[in-house]
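First up is the structure itself, then whatever we jot down about it.
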Amino acid sequence: MVQLTFLTTAAALLSTQVLAAPSPVETFVPSAAAGTDAAPTPFDLPTPDEVHIIDGEVVNSTDHRIVARQNQPGLRLLNCDPIYSGGPGERTWKWTSLVVYCDNLGQCNDPNFTPSHNNVCVKKESTREGDFHVWEGGWQGCQFPTGVTFSWRIDGNAQDRSDYALVGEGDNTFRRFSAYKDNKQQAVNWPQLVQRCYKIYWFQ
């Protein structure tokens, strides 16, 4: 009788242990902070919206960097090497700074793309080599041929920051934009230009 009671009790305990076993959903996953070899949890990983690729380099917002989303409208601040102006015998070289509105920021990455006249605001022209507009500092603005004025503020030390860093803000009265340092690669062209424009900042 004693032996039967013992067996019944042991069976009950075993049944309780089986029912209490952890399910796969409850399995512990160590955080990356637990050690260098620990697997990261979903909270340690950037979300798809935070990860971008530009020129083959992966960048993400956890590094305070972001890449221009290719299918979104935005603006670019460009410095352009000389263009010819004037008639025959009186041509001069000009260094030009432009604000260009882009219906599609990716399209404006193409050096062969020509934006419409209404989407280009000439901020500065100079006959002195390398005399481009100073984009950084307090609030500035440029009025497009359509009458719309785009205003911006870029940090004074923005050029000391890494490419794609958040460096300021902008506004065209319709909406606000964030400003990012660009990589100085070649960008758009337009009929008046005969040489290259380079991306200094962009807004999106």
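Brief remarks follow.
- Failed condition for Asp155, given (1) modelled with pLDDT under 90; (2) over 21 Å from Asn104 (Cβ atoms): (1)
- Consider region 119-143 and keep the residues that are more than 25 Å from the chain's Cα centre (by Cα) and of a type outside the set (D, E, K, R). The one that is farthest from Arg76 (Cα to Cα) is Thr127.
- Note on region 148-190: among residues that are among the β-branched types (Val, Ile, Thr) and surrounded by fewer than 17 Cβ atoms within 10 Å (Cβ to Cβ), the one that is farthest from Asn118 (Cα to Cα) is Thr173.
- Residue list for region 132-147, filter: surrounded by 14 or more Cβ atoms within 10 Å (Cβ to Cβ) and of a type outside the set (Phe, Trp, Tyr): His133, Glu136, Gln140, Gly141, Cys142
- Annotation note: of Asn112, Asn118, the sole residue that is surrounded by 12 or more Cβ atoms within 10 Å (Cβ to Cβ), of a type in the set (S, T, N, Q) and within 20 Å of Asn189 (Cα to Cα) is Asn118.
- Residues in region 168-204 that are closer than 17 Å to Gly141 by Cβ and of a type in the set (Val, Ile, Thr) were compared, and the one that is modelled with the lowest pLDDT is Thr173.
The values are calculated or read from the model by the stated rules, or taken from the named source; none is laboratory data. Remember, predicted model here, so these are calculated numbers, not experimental data. Cβ: placed from backbone, ideal geometry, glycine included. Neighbour counts: every protein chain shown.
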